[in-house]
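Colleague: Okay, handing you the structure first.
The values are calculated or read from the model by the stated rules, or taken from the named source; none is laboratory data. For clarity, every value in this text was computed on a predicted model and none was experimentally measured. Every residue, glycine as well, gets a Cβ built from its backbone with ideal geometry; the counts of neighbours run over all protein chains shown.
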Amino acid sequence: MTRRGWFFTTYFAVLGVGASLAVHPVPRLVWNATASVPVGLYRLRPDPVPRVGDVVALRLPDATAMLLARRGYLPLGVPLLKPVTAIAGQIVCRSGPRVTIDGVPAGDAKPVDHRGRPLPVWQGCRRLDPGQVFVMNEAEPLSLDGRYFGLLPVSAVIGRATPLWLPSRPEYAAEPSFTPSAKGR
């Protein structure tokens, strides 16, 4: 290759890397290692309208993401995978530890994490507006989800996650499933 060819190849390679650093690319594949949804590799597809029962990848609001990172739950910048349990028009309440969706018990929040640190608390009832979503794994009582951080903007949803590969090793056999609320299916 000529000197001019090397120059242009290097120039465009550096330009491409620089552009990719300036833009926050949407991940296409995510490895989930938590009990929120079955452990495995998931493909992300943009989906502007999440539905109840969808598993979605989320970028949490900054304050929530910082709390999760400080406590070692989830590193900054790593998407969180959670099932959608309520969408616009539904009513989500938290009274004490009890979370209900449209009046039906969905689960209870724990007061402290596994190290005895207090977990975030919100109280009251909220009707989800268009542009809001509530995520919670009703089958996993220790899931760090909407029972602690409440409603999220739909803009936090990166995309719908569909499993590509779920390990079949025995230690993954008892992964929790989730049963979403009836509305929105």
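Colleague: When the residues of the range 105-117 are narrowed to those that are touching a residue at least 40 places away in the same chain (Cβ under 8 Å) and among the small types (Gly, Ala, Ser), which ends up surrounded by the fewest Cβ atoms within 10 Å (Cβ to Cβ)?
Modeller: The residue in question is Gly107.
Colleague: Under 8 Å between Cβ atoms, which residue pairs at least 6 apart in sequence (or on different chains) link something in the range 33-59 that is on the phi > 0 side of the Ramachandran plot with a partner that is surrounded by 16 or more Cβ atoms within 10 Å (Cβ to Cβ) and in a loop (DSSP other than H, G, I, E, B)?
Modeller: Note: pairs meeting the criteria are Gly53/Pro180; Gly53/Gly184.
Colleague: Enumerate the pairs (first residue in the range 85-104 and over 12 Å from Gln123 (Cβ atoms) and free of Cβ contacts under 8 Å to residues at least 60 places away in the same chain; second residue anywhere and among the small types (Gly, Ala, Ser) and in a strand (DSSP E or B)) with beta-carbon separation below 8 Å, excluding pairs fewer than 6 apart on the same chain, so at least 6 apart or on different chains.
Modeller: Close Cβ pairs (under 8 Å, with a partner that is among the small types (Gly, Ala, Ser) and in a strand (DSSP E or B)) amount to Thr100/Ala106.
Colleague: Restricting attention to the range 30-68, and to residues there that are of a type in the set (Ser, Thr, Tyr) and part of a loop (DSSP other than H, G, I, E, B), which single residue is surrounded by the most Cβ atoms within 10 Å (Cβ to Cβ)?
Modeller: Here the answer is Ser36.
Colleague: Ok, one more. Evaluate the following for Gly103: is it more than 19 Å from Pro153 (Cα to Cα), modelled with pLDDT under 95 and of a type outside the set (Ser, Thr, Tyr)?
Modeller: no
Colleague: For the subset of the range 140-167 comprising residues that are closer than 20 Å to Tyr42 by Cα and assigned to a loop (DSSP other than H, G, I, E, B), which member is modelled with the highest pLDDT?
Modeller: The residue in question is Asp145.
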